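A quick write-up on the structure given underneath.
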Amino acid sequence: MTVNDALKAAASQIAPACEINGANPARVAGALLMSYLGVKIEWIFLNLNRELEDAEGFFALIKRFANHEPLEYITGEAGFYGLTFNVKKGVLIPRPETEILVERSLEVLSNLPAQNGPPLVAEIGVGSGIISICLALNSNAKIIASDISDDALNLARENAAKFGVEDRIEFVKCAYLDQIYGRFDLLV
């Protein structure tokens, strides 16, 4: 089976699942093939007539998507704020509308008086870390982020290290702000 044939067959198999969330079956099939092979889209276009080795492994991913597993959990990645974050099952996938929250938070931080030092931010329910990481990358804020999930905290630490901001974010395992004390300039 060629790469092209595999993509067509995969798109056909996932079309019903794509109808539910408005996704394009050909794009989803391409994204899953890129993830499976560890290649970029250019490789796929240049190799459409090449035989796909281990098509069975690729179609195992297609089956997961057809069974309504989110694309981000299958690939282990989610795009957010122009960046690619690691994600995994059990930790919420960042939604596009959360970018509005990041924008508003950055706006608030930019309007704080500079003479008081770096602003202090607390984030409740850090999840994959996207909000805290985006704030750290785009401001001089010092951030404390909480979550009750060890999986979420570990993933957030992993993402913070990926983007080089792990020294600006303190991760705390607790519900809400139960074990976090002090005054904050912004609560997210």
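The values are calculated or read from the model by the stated rules, or taken from the named source; none is laboratory data. Remember, it's a predicted structure, so these values are computed and weren't measured experimentally. Neighbour counts are summed over all protein chains in view; Cβ atoms, including those assigned to glycine, are modelled from backbone coordinates with ideal geometry. In case anyone asks, the SASA skips ligands and DNA or RNA and just uses the protein heavy atoms, side chains included. Shrake-Rupley method; radii C 1.70, N 1.55, O 1.52, S 1.80 Å.
Between Glu158 and Leu101, what length in nm is gained on full extension when 0.36 nm per residue of separation is reduced by their alpha carbon distance?
18.3 nm
Once you place label points 7 Å from the Cα toward the Cβ at Asn24 and Ala60, how far apart are they in nm?
Here the modelled spin labels are 2.9 nm apart.
Tell me which of Leu135, Pro25, Ile93 sits at the most positive position along the dipole axis of the chain, charges placed on C-beta atoms (Lys, Arg +1; Asp, Glu -1).
Leu135
Taking the mean number of other Cβ atoms within 10 Å as a proxy for protection, how do you rank 116-125, 25-34, 81-90 from highest to lowest?
Highest to lowest by the protection proxy: 25-34, 116-125, 81-90.
Starting from one equal scatterer on each C-alpha and no solvent at all, send me the Debye-based log10 I(q)/I(0) for region 3-75 at q = 0.17 Å⁻¹, two decimals.
-0.54
Using a 1.4 angstrom probe, figure out how much accessible area the chain has per residue, in square angstrom, rounded to the nearest whole.
56 Å²
Considering only protein heavy atoms and a probe of 1.4 Å, how much of the accessible area of the chain is carbon and sulfur, as a whole percent?
The C+S portion of the solvent-accessible surface of the chain is 52 percent.
What residue among Gln179, Ser110, Val165 has its Cα farthest toward the positive end of the dipole of region 90-187, where the charges are +1 on Lys, Arg and -1 on Asp, Glu, each on the Cβ?
Farthest along the dipole direction, towards plus: Ser110.
Show me the helices of the chain, taken as full DSSP H stretches, that run 24 Å or more along their long axis by Cα and average 0.0 or above in Kyte-Doolittle hydropathy.
Helices meeting the criterion: 3-21.
If I stretch the segment between Ile124 and Met34 completely, what's the gain in nm (0.36 nm per residue apart, minus their alpha carbon distance), one decimal?
Difference between extended and current length: 29.0 nm.
Among residues other than Met1 whose Cβ falls under 11 Å from its Cβ, what is the net charge (Lys/Arg +1, Asp/Glu -1)?
Residues near Met1 contribute -3 overall.
Using r as the Cβ-Cβ distance of Gln115 and Glu170, and R0 as 25 Å, what FRET efficiency do you calculate, to the nearest 0.05?
With R0 = 25 Å, the Cβ-Cβ based efficiency is 0.60.
Gap in Å between the Cα centre of region 60-118 and the Cα centre of region 145-185?
After rounding, the separation between the Cα centres reads 15 Å.
Counting Lys and Arg as +1 and Asp and Glu as -1, each charge on the Cβ, what is the dipole of the chain about the Cα centre in debye, to the nearest 20?
In debye, rounded to 20, the chain gives about 100.
Which Cα, out of His68, Ile41, Leu120, lies furthest along the positive dipole direction of the chain (beta carbon charges, K/R +1, D/E -1)?
Leu120
Could you tell me which of the pairs Lys142/Lys173; Lys40/Lys142; Lys40/Lys88; Lys8/Lys162; Lys88/Lys142 are separated by over 28 angstrom between their Cα atoms in the structure shown?
From Lys142/Lys173; Lys40/Lys142; Lys40/Lys88; Lys8/Lys162; Lys88/Lys142, over 28 Å: Lys40/Lys142; Lys8/Lys162.
Rank by packing, highest mean first: peptides 150-162, 12-24, 53-65, 127-139, with packing defined as the count of other Cβ atoms within 10 Å averaged across residues.
127-139, 150-162, 53-65, 12-24
Placing unit charges on C-beta atoms (Lys and Arg positive, Asp and Glu negative, everything else neutral), compute the dipole magnitude of region 3-75 about its Cα centre in debye, rounded to 20.
Rounded to the nearest 20 debye, it is 160 debye.
Kindly provide the pair-distance distribution of region 43-147 built from C-alpha pairs, with 10 Å bins from 0 and whole-percent values in order of increasing distance.
Cα pair-distance distribution for region 43-147, in percent: 13, 33, 25, 16, 10, 4, 0.
Label points 7 Å out from Cα along the Cβ direction at Asp5 and Asn49: separation in nm?
1.4 nm
Hey, got the Cα dimensions of region 90-187 along the principal axes, in Å, largest first?
So the three principal-axis extents are 39, 30, 23 Å.
Could you give the spread of the C-alpha atoms of the chain along their three principal axes, from largest to smallest, in whole angstroms?
That gives 63, 30, 27 Å along the principal axes, largest extent first.
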